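Just so it is clear, none of the values below were taken in a lab; they were calculated from the coordinates. Values in this document were obtained by computation on a predicted structure and should not be read as measured data. Cβ placement follows ideal geometry from the backbone for every residue including glycine, while neighbour counts extend to all protein chains displayed.
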Amino acid sequence: MKEIFDTVSYRSSEITTKLYSTSFSFGIKALDRELHKPIYAIYGFVRLADEIVDTFHEYPKKELLMDFETELWRSLENKISLNPILNSFQKTVNKYSIPKKLISSFLDSMKMDLEKKEYETVEEYKKYIYGSADVVGLMCLKVFVGGSKKKYNDLSKYAISLGSAFQKVNFLRDMKDDSNILKRVYFPNVNMDNFNENSKRDIIHEIELDFKNAIKGIAKLPKNSRFAVYIAYRYYNKLLKKLKRTSSEKIINNRIRIHNFQKFVVIARSYIKYQLNLIQWI
């Protein structure tokens, strides 16, 4: 009768995704239906870990994260967890042969969030981005290619570029809250006092290079996921362009957003271009 509990587990991951991210949950709907459950499971897992380090300020976060990690590894070995979020995640990891090293890197970045407030070197910065974002994209890629090792290896470099671009856009968009609430600064040698138009330009150029490489890989994705990933790419590109038009002073004092109507326009235009084969993939 574990099937009922597995259903409850996947539903828990789905509810978690929909409550925490309307944009991501909408993007999942653009995937083929058989991909919905495993992608919900991945998001639910990373969301829960992220909540521990970013939100549970009145609780022993380090202990909670340690307990979470212990239960995670136990669930992967036993192929069950009484935590519904971890149960759906372990089923996804085992079904699609998601490498354990990706999970370890993700948890390492979560631990860095508990201990580090500034990333002073490029190496630290890249390590954090790889663990907090790139590996999440790689987990999803494993699902998209049905666990195929060859297809995964062929596309992984593009998934890393896309994950890095998304995360850097998030860092730039969230500079105000990251600095004022979480007391974190992710960009090396940048803080709220010295952030200016020059440093903003350098960051945006770096992101644009990531996007330029990523689009090549989106074109090579299976049809089951290509359109959904393309929508995410277009949305973040739209956000990046808005950040590019926004002054550095405004970025550090406001959280820059894409309004719901603009999101709808992005989706509609993406659909038309995709269906009419008007996308320039290179």
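Can you give me the distance in nm between label points at Ile279 and Thr121, each placed 7 Å from the Cα along the Cα-to-Cβ direction?
3.8 nm
What FRET efficiency would be calculated for the residue pair Lys18, Phe56, taking the C-beta separation as r and a Förster radius of 22 Å, to the nearest 0.05?
Details: r = 21 Å, r/R0 = 0.94.
My answer for the efficiency is 0.60.
GNM on the chain, C-alpha springs below 10 Å: top fluctuator among Ile98, Ile85, Ile203?
Answer for the Gaussian network model of the chain: Ile203.
What list of ³J(HN,Hα) values in whole Hz, one per residue of the range 221-237 in order, does the Karplus curve 6.51 cos²θ - 1.76 cosθ + 1.60 (θ = phi - 60°) give from phi, with Gly and Pro shown as x?
5, x, 4, 5, 9, 4, 5, 4, 5, 5, 4, 4, 4, 5, 4, 5, 5
Give me the one-decimal nm value for the distance between modelled label points at Lys101 and Lys216, 7 Å along each residue's Cα-to-Cβ direction.
The two pseudo-label positions are separated by 2.3 nm.
Which whole-number percent is the relative contact order of the chain (Cα, under 8 Å, 6+ apart)? Walk me through the numbers before you get to the answer.
Details: 331 pairs, mean separation 51.1, N = 282.
Relative contact order comes out at 18 percent.
Quick one: order Met192, Met175, Met1 by neighbouring beta-carbon count within 10 Å, fewest to most. Intermediate results must be reported in sequence, preceding the final value.
On the way: Met192 13, Met175 28, Met1 5.
Lowest to highest Cβ neighbour count: Met1, Met192, Met175.
Most fluctuating residue of Tyr152, Tyr125, Tyr236 in a GNM of the chain with Cα springs under 10 Å: which is it?
Looking only at Tyr152, Tyr125, Tyr236, the biggest GNM fluctuation is shown by Tyr125.
Rank Pro99, Pro60, Pro188 by mean-square fluctuation in a GNM of the chain with C-alpha springs under 10 angstrom and give only the top-ranked residue.
So, out of Pro99, Pro60, Pro188, the one fluctuating most is Pro60.
If you take the beta carbon distance between Met192 and Arg245 as r and set R0 to 30 Å, what does 1/(1 + (r/R0)^6) give as a FRET efficiency, to the nearest 0.05? Walk me through the numbers before you get to the answer.
Values: r = 21 Å, r/R0 = 0.68.
Result of the calculation: an efficiency of 0.90.
I need the Debye-formula profile for the range 221-274: one equal scatterer per C-alpha, no solvent, reported as log10 I(q)/I(0) at q = 0.17, 0.18, 0.19, 0.24 1/Å, two decimals.
For the range 221-274 at q = 0.17, 0.18, 0.19, 0.24 Å⁻¹, log10 I(q)/I(0) is -0.60, -0.65, -0.69, -0.91.
For the residues Glu58, Glu14, Glu69, what sequence is obtained by ranking on other C-beta atoms within 10 Å, fewest first? Mind showing how you got there, number by number?
Working: Glu58 6, Glu14 20, Glu69 16.
Listing Glu58, Glu14, Glu69 from fewest to most nearby Cβ atoms yields Glu58, Glu69, Glu14.
Here are some pairs, Lys117/Lys263; Lys91/Lys241; Lys157/Lys263; which of them have Cα atoms lying more than 29 Å apart in this structure? Intermediate results must be reported in sequence, preceding the final value.
Values: Lys117/Lys263 32 Å; Lys91/Lys241 38 Å; Lys157/Lys263 27 Å.
Pairs exceeding 29 Å: Lys117/Lys263; Lys91/Lys241.
Counting pairs of Cα atoms in the range 1-96, how many percent are more than 19 Å apart?
Values: 1888 of 4560 pairs.
Roughly 41 percent, rounded to a whole number.
Give the calculated FRET efficiency between Glu206 and Glu34 to the nearest 0.05, with a Förster radius of 25 Å applied to their Cβ-Cβ distance. Could the numbers behind the result be given before it?
On the way: r = 36 Å, r/R0 = 1.42.
Efficiency at R0 = 25 Å is approximately 0.10.
Could you work out, for the range 72-122, what percent of all Cα-Cα pairs fall into each 5 Å distance bin, beginning at 0 Å and stopping at the bin that holds the largest distance?
5, 19, 22, 20, 14, 8, 9, 4, 0
When every alpha-carbon pair in the range 100-282 is counted, what percent end up more than 19 Å apart? Please report the intermediate quantities before stating the final value.
Details: 10071 of 16653 pairs.
Considering the range 100-282, 60 percent of its Cα-Cα pairs are separated by more than 19 Å.
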